[in-house]
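Engineer: Dumping the structure here so I can ask a few things about it.
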Amino acid sequence: MSFKIPLFDLNFDHKEEDAVIETLRSKWISTGPKSALFEEKFAELLGAKYAVSLANCTVALHLAFKLCDLKSGDEVICPSLTFVATCNAILYTGATPVFADVESFERPVICPKDIKSKISPKTKAIVVMHYAGFACDMDEIMKLAEENNLFVIEDACHAPNSEYNGKKLGTIGHVGCFSFFSNKNLSTGEGGMLVTNSEAFYERTKLLRSHGMTTLSYERSKGHSTGYDVIDLGYNYRMDDIRASIGLVQLQKFENDLIQRAKVREWYEQELENIPQIIVPFKNHKEFVSNYIMPIVIEGVNVEKRDAIRKNLADNGIQTSMHYPAVHRFSIYADFYTHLPNTDDMVNQMITLPMYARLSNDDVKFICEKLSAAFYK
Ligand SMILES: *Cc1c(COP(=O)(O)O)cnc(C)c1O
């Protein structure tokens, strides 16, 4: 089925095609100059010291937790209202995820109070996820981390260029992880970036992404070195130059794209005023936000009614989604289950509406009219 208004629309044109062709013709298609330039521009955009391009964000999260030297028996406090990769990456290291609840419907991000209550002598790190691009309470979370000597990893997949007290999200904790999966704000098909201000973390990330080898093929091809040693147990987690060249074009469009998304968000906030039962999380937020998704919560609705509303919207050609099924309720997380009342309510009552730069004010009006009709039906 194809939707009249999809959930997301890729912002691609001939510029991405031209960039790919140029890279193909350069005959250097794996990690090389385009990846290096993409890293440089991305770090510059965020005001971070270092950025390392990677195959996707899942491996960025894995490396972030490796940098914290997590091992079996260690605990990491994490959200459940996130994409499963945030938590899977904890399990990769053998550490234990300890789920914390979200603050509220108005702020569905990890709750500092709940984090505090879950810190134990085994806690090594906190991973936060800036839902829809809106910041977690980083002041409180960094304070807790400092008091307890913990690492803070930011899953900033939703939040490229989002701001918090004038800083960019992903640069406040010890490591920030970003995704360039096709439906993200900045798309390369698959792709990711690890951002840090720590030189030691940067150097180790570069080793770990490429088998723990001391040089890259590109450096050897340029005659910069002739051999290599292997000094750490690494992986092949590299991004290639074909994707990096798409990323470079996307970066040029990115800031305008986000400005447009912010307008779409404003239109939604205006239109949704008409349905009092709808809570728009982070309403009237003041700082700049990436608006990766447009979540709403329909207060008091049950799952059947929520799903009927989604079905009704789909029948009108409007694609919706649900971000996310709670991670603590997945089968493989049964051993780590804990009661998270706010997360459970959010998951049952939320809908994600279409969000992309090219949505018009009329589109938003149409979506909200159909939503209202479905709600009162
Ligand atoms: C997309 C996403 C990921 C995974 O990113 P990939 O690049 O697909 O591995 C992780 N966490 C969150 C919050 C995401 O939205």
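The values are calculated or read from the model by the stated rules, or taken from the named source; none is laboratory data. What you see is a predicted model, and the numbers here were worked out from it, not measured in a lab. Methodologically, a virtual Cβ is constructed for each residue, glycine included, from the backbone with ideal geometry; neighbour enumeration extends over all protein chains shown.
Engineer: Take the residues in the range 154-180 that are among the polar types (S, T, N, Q) and closer than 17 Å to A64 by Cβ, then tell me which one is farthest from the ligand (Cβ to nearest atom).
Structural biologist: T171
Engineer: Let me ask another. Examine the range 102-115 for a residue that is assigned to a loop (DSSP other than H, G, I, E, B) and within 16 Å of the ligand (Cβ to nearest atom), and state whether such a residue exists.
Structural biologist: Looking for residues that are assigned to a loop (DSSP other than H, G, I, E, B) and within 16 Å of the ligand (Cβ to nearest atom), one finds at least one in the range 102-115, hence yes.
Engineer: If you don't mind, there's one more thing I want to ask. Given the structure, is S72 touching a Phe, Trp or Tyr at 6+ places or on another chain (Cβ under 7 Å) and either assigned by TED's automatic domain parsing to the domain that holds Q277 or among the small types (G, A, S) (or both)? Spell out the reasoning first.
Structural biologist: Working: touching a Phe, Trp or Tyr at 6+ places or on another chain (Cβ under 7 Å): no; either assigned by TED's automatic domain parsing to the domain that holds Q277 or among the small types (G, A, S) (or both): yes.
No: the conditions fail for S72.
Engineer: Is there a residue in the range 181-196 that is more than 16 Å from the ligand (Cβ to nearest atom) and at pLDDT 95 or above?
Structural biologist: Yes, that holds for at least one residue.
Engineer: Quick check on the range 214-241: of everything there that is surrounded by fewer than 19 Cβ atoms within 10 Å (Cβ to Cβ) and among the hydrophobic types (A, V, I, L, M, F, W, C), which residue is nearest to the chain's Cα centre (by Cα)?
Structural biologist: Per the stated criteria, the residue is L233.
Engineer: Only one of these is surrounded by 13 or more Cβ atoms within 10 Å (Cβ to Cβ), at pLDDT 95 or above, within 14 Å of L7 (Cβ to Cβ) and of a type in the set (G, A, S): A357, A326. Name it.
Structural biologist: The match here is A357.
Engineer: Against the definition (of a type in the set (D, E, K, R), surrounded by fewer than 18 Cβ atoms within 10 Å (Cβ to Cβ) and either in a helix (DSSP H, G or I) or assigned by TED's automatic domain parsing to the domain that holds V289 (or both)), how does K15 come out, yes or no?
Structural biologist: yes
Engineer: Restricting attention to the range 116-137, which residues are without any contact (Cβ under 8 Å) to a residue 60 or more places away in the chain and either away from the ligand (no atom under 16 Å from the Cβ) or in contact with a Lys or Arg (Cβ under 8 Å, 6 or more places away or on another chain) (or both)?
Structural biologist: K116, S117, K118, I119, S120, P121, K122, T123, K124, D137
Engineer: In addition: Which residue, of N291, N274, N284, is within 16 Å of the ligand (Cβ to nearest atom), in contact with a helix residue (DSSP H, G or I) (Cβ under 8 Å, 6 or more places away or on another chain) and not assigned by TED's automatic domain parsing to the domain that holds Y50?
Structural biologist: Values: N274 fails: within 16 Å of the ligand (Cβ to nearest atom); N284 fails: within 16 Å of the ligand (Cβ to nearest atom).
The match here is N291.
Engineer: Among the residues of the range 91-98, is any within 13 Å of the ligand (Cβ to nearest atom) and surrounded by fewer than 24 Cβ atoms within 10 Å (Cβ to Cβ)? Walk me through it before giving the result.
Structural biologist: From the range 91-98, those within 13 Å of the ligand (Cβ to nearest atom) are 92; that's our starting set.
So of that shortlist, the ones also surrounded by fewer than 24 Cβ atoms within 10 Å (Cβ to Cβ) come out as 92.
Yes, the range 91-98 has at least one match.
Engineer: Condition test on T58, is it within 16 Å of the ligand (Cβ to nearest atom), of a type in the set (S, T, Y), modelled with pLDDT of 95 or more and touching a strand residue (DSSP E or B) at 6+ places or on another chain (Cβ under 6 Å)? Before you say what the answer is, go through the steps one by one.
Structural biologist: Numbers: within 16 Å of the ligand (Cβ to nearest atom): yes; of a type in the set (S, T, Y): yes; modelled with pLDDT of 95 or more: yes; touching a strand residue (DSSP E or B) at 6+ places or on another chain (Cβ under 6 Å): no.
No.
Yes/no matrix, rows are residues, columns are (1) charged (D, E, K, R); (2) closer than 23 Å to V102 by Cα:
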site	(1), (2)
K283	yes, yes
A308	no, no
H323	no, yes
H328	no, yes
S331	no, yes
I351	no, yes
R358	yes, no
V364	no, no
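Engineer: Further question: Can you confirm whether F151 is outside the structural domain of V347 (by TED's automatic domain parsing), within 18 Å of Y324 (Cβ to Cβ) and either away from the ligand (no atom under 16 Å from the Cβ) or of a type in the set (F, W, Y) (or both)?
Structural biologist: no
Engineer: Quick check on the range 243-260. Is at least one of its residues buried (at least 20 other Cβ atoms within 10 Å of the Cβ), assigned by TED's automatic domain parsing to the domain that holds F42, out of contact with any Cys (no Cβ under 8 Å at 6 or more places or on another chain) and of a type in the set (S, T, Y)?
Structural biologist: yes
Engineer: Pick from V301, V289: which is more than 25 Å from the chain's Cα centre (by Cα), buried (at least 18 other Cβ atoms within 10 Å of the Cβ) and part of a loop (DSSP other than H, G, I, E, B)?
Structural biologist: Just one listed residue meets the conditions, V301.
Engineer: Further, regarding this structure: Do we find that Y237 is within 16 Å of the ligand (Cβ to nearest atom) and over 20 Å from E44 (Cα atoms) in this structure?
Structural biologist: When the stated conditions are applied, Y237 passes them.
Engineer: Here's another thing I want to ask about it. Contact list please: Cβ distance under 9 Å, first residue in the range 217-245 and closer than 13 Å to K206 by Cα, second residue of a type in the set (G, A, S) and assigned to a helix (DSSP H, G or I), pairs at least six apart or on different chains.
Structural biologist: Close Cβ pairs satisfying both conditions: Y237/A60; R238/S35; M239/S35; M239/G247.
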